[in-house]
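The values are calculated or read from the model by the stated rules, or taken from the named source; none is laboratory data. These numbers come from a predicted model, not from an experiment. Neighbour counts run over all protein chains shown; Cβ positions are idealised from the backbone, glycine included.
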Amino acid sequence: MPTATDDADADVIVVGAGLSGLVCATRLVAGGARVRVLEARVRTGGRLLGRLVGDGMFDLGGQWWTAGQPRLAALADELGIARVPQHRAGASVITLDPFVASDGLASATPRRRTLPGRIVDALVRGRRVAELSRLIERAGREAPLDWDRESLGAWLAREIPDATLRDHVAIHCEMTFAVEPHELSFLDYLAQLAAGGDPFDGTAGDEHRFVPGAFALPARLAAALGDRVSLATPVRAIDVGAGTVRTDSATLRASHVVLAVPPAAARAIAFTPPLPPAAAAALSASRAGPVVKVVATYARAFWRDAGRSGEAYLRPGVVRATADACTADGVPALAAFVVAAEAAAWTPAHTAHVLDDLRRLFGDAAARPTDLGFHAWGADPLAHGCVAGLPPGARSAGAAWRGPHARLHVAGTEAAHRWPGFMEGAIDAAERAAAEILAA
Ligand SMILES: Cc1cc2nc3c(=O)[nH]c(=O)nc-3n(C[C@H](O)[C@H](O)[C@H](O)COP(=O)(O)OP(=O)(O)OC[C@H]3O[C@@H](n4cnc5c(N)ncnc54)[C@H](O)[C@@H]3O)c2cc1C
């Protein structure tokens with residue numbers, strides 16, 4: 001690895017102290033590099049956020065590990081962070097009131113179904129899923145650009161006459177990307193699934209949570225990096241040719257720069273020279289789905305007493321999905337997810353609607369939490385949402401996020417080859433960016 005000149009501040013400057021930036025910095029330090037990490041927030045972790053609600057610490061950002069994500073499992077082991085299976089015992093519920101779907105097709109009757117197990121298993125049992133699996137596999141192999149011209153919603157409306165199956169795919173889209181099917185390119189949907197796990201092939205494993213939470217991953221990485229990490233230091237400009245990074249108070253020099261921020265947040269950084277056209281197009285087209293994650297704590301896990309798993313899906317409603325969130329040390333809690341248009345319109349006053357929906361799903365006790373905490377990710381100017389996707393037309397117009405661009409290396413989950421959008425992708429991209437630099 002080329003080392004920086006004596007007057008440089010570091011060999012490598014990493015922009016962003018989310019999981020990806022911190023893993024990248026850790027690998028670079030292990031490879032002998034002098035590293036500085038610059039983070040805009042007053043905390044590390046980015047989209048991994050731990051917060052005290054009631055008597056428990058909860059993840060208000062990313063949370064679950066699933067089988068097939070080896071890097072995340074290895075990192076948790078490396079940091080001594082345990083995984084426990086997500087509570088699934090009991091019935092889950094899908095409530096689809098009479099509604100007009102985003103594709104304009106009306107459902108005739110109210111539908112409320114109690115399922116014996118996980119909602120994802122019901123998705124897999126749906127008819128025509130084999131067809132979707134075939135398309136996901138093809139999208140991963142050759143990315144047919146003509147599939148990029150329409151949205152997932154338009155494809156569902158045209159190809160899937162069965163309303164239940166259409167709903168199931170829409171549920172999956174909303175739960176994964178926090179956007180409505182008509183907002184996402186059909187090709188981008190398929191290609192992102194191809195880069196992770198196919199949810200429709202029947203092999204999806206059970207999710208696990210971390211103890212005390214996923215927020216412990218970046219916290220432990222940052223603690224080991226110590227004063228290499230600077231908080232409250234937003235990067236305003238990167239000059240790749242000069243090897244400089246400008247913050248509000250200084251211009252720092254390094255041989256390499258790693259960009260470990262979401263594309264939507266990178267729009268606020270001035271690049272010299274400008275990013276190549278493909279990366280610039282991805283940067284401007286990228287849309288992270290807005291999501292509000294709410295955690296409500298209770299005196300008792302009354303849903304478990306009633307034989308319910310805590311997993312539910314509701315449409316229409318402010319809350320779109322819920323899951324059991326009881327902590328490993330026994331604080332009873334439900335997590336509720338508000339997505340897409342409802343999340344974009346979110347104000348703190350909407351917590352009253354969240355409690356109404358929880359009452360609809362779980363009864364009166366659900367409207368009487370001991371405490372409530374939430375984070376609105378769509379309104380967070382350093383995240384802009386949760387999982388990024390591209391609207392129809394962006395991929396076929398050449399949009400592609402990833403590097404390197406000379407000495408600018410692109411980490412962050414959106415730059416991953418495997419599991420983009422997930423913690424696994426954040427590590428995948430981080431380790432690739434670190435390897436690029438160490439091999440240079
Ligand atoms: C509600 C929610 C639920 C999720 N659930 C899951 C899940 O169950 N499983 C899963 O695997 N993933 C989940 N995810 C996704 C997961 O959290 C992310 O994939 C992962 O945390 C991304 O890490 P990152 O380092 O790539 O980006 P980030 O965490 O976004 O880190 C980027 C960092 O860059 C900083 N930054 C931005 N701009 C600048 C700048 N100009 N200068 C300096 N710093 C800057 C930001 O403040 C941030 O700290 C979820 C996300 C959300 C929001």
(request) Please tell me if G378 is over 17 Å from G16 (Cα atoms) and within 17 Å of the chain's Cα centre (by Cα). (result) yes
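Out of curiosity, is A278 under 24 Å from A388 (Cβ atoms), touching a residue at least 40 places away in the same chain (Cβ under 8 Å) and surrounded by fewer than 18 Cβ atoms within 10 Å (Cβ to Cβ)?
Details: under 24 Å from A388 (Cβ atoms): yes; touching a residue at least 40 places away in the same chain (Cβ under 8 Å): yes; surrounded by fewer than 18 Cβ atoms within 10 Å (Cβ to Cβ): yes.
So A278 fits the description; yes.
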(request) Would you check which residues across the range 313-325 are in contact with a strand residue (DSSP E or B) (Cβ under 7 Å, 6 or more places away or on another chain) and either farther than 19 Å from G373 by Cα or outside any strand (DSSP E or B) (or both) and list them? (result) Y313, L314, R315, V318, V319, R320, A325
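Scan H409, H405 and give me the residue that is assigned by TED's automatic domain parsing to the domain that holds G243 and at pLDDT below 95. Break it down stepwise before answering.
On the way: H409 fails: at pLDDT below 95.
Every option except H405 fails the conditions.
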(message) Checking the structure you have, find out if any residue of the range 77-87 is without any contact (Cβ under 8 Å) to a residue 40 or more places away in the chain, assigned to a helix (DSSP H, G or I), away from the ligand (no atom under 11 Å from the Cβ) and under 18 Å from the mean Cα position of the chain (by Cα).
(response) no
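Looking at the range 17-76, what strands (runs of 3 or more DSSP E) fall wholly within it and have at least 1 residues that are among the aromatic types (F, W, Y) and within 8 Å of the ligand (Cβ to nearest atom)?
On the way: elements: 35-38, 50-53, 56-59, 64-66.
In the range 17-76, 64-66 are the strands (runs of 3 or more DSSP E) which contain 1 or more residues that are among the aromatic types (F, W, Y) and within 8 Å of the ligand (Cβ to nearest atom).
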(request) Considering each residue of the range 386-413, count those that are within 24 Å of G243 (Cβ to Cβ), within 8 Å of the ligand (Cβ to nearest atom) and not hydrophobic (A, V, I, L, M, F, W, C), and give that number. (result) 1
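Could you say which residue among A265, A222 is of a type in the set (A, V, I, L, M, F, W, C), within 30 Å of R395 (Cβ to Cβ), in a helix (DSSP H, G or I) and within 12 Å of the ligand (Cβ to nearest atom)? Write out each step before concluding.
On the way: A222 fails: within 30 Å of R395 (Cβ to Cβ).
It is A265.
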(message) Go through the range 239-262 and report how many residues are within 11 Å of the ligand (Cβ to nearest atom) and farther than 25 Å from R27 by Cα.
(response) 1
(request) Please enumerate the residues belonging to the range 284-297 that are touching a helix residue (DSSP H, G or I) at 6+ places or on another chain (Cβ under 8 Å), outside any loop (DSSP other than H, G, I, E, B) and over 12 Å from P391 (Cα atoms). (result) V291, V292, V294, A296
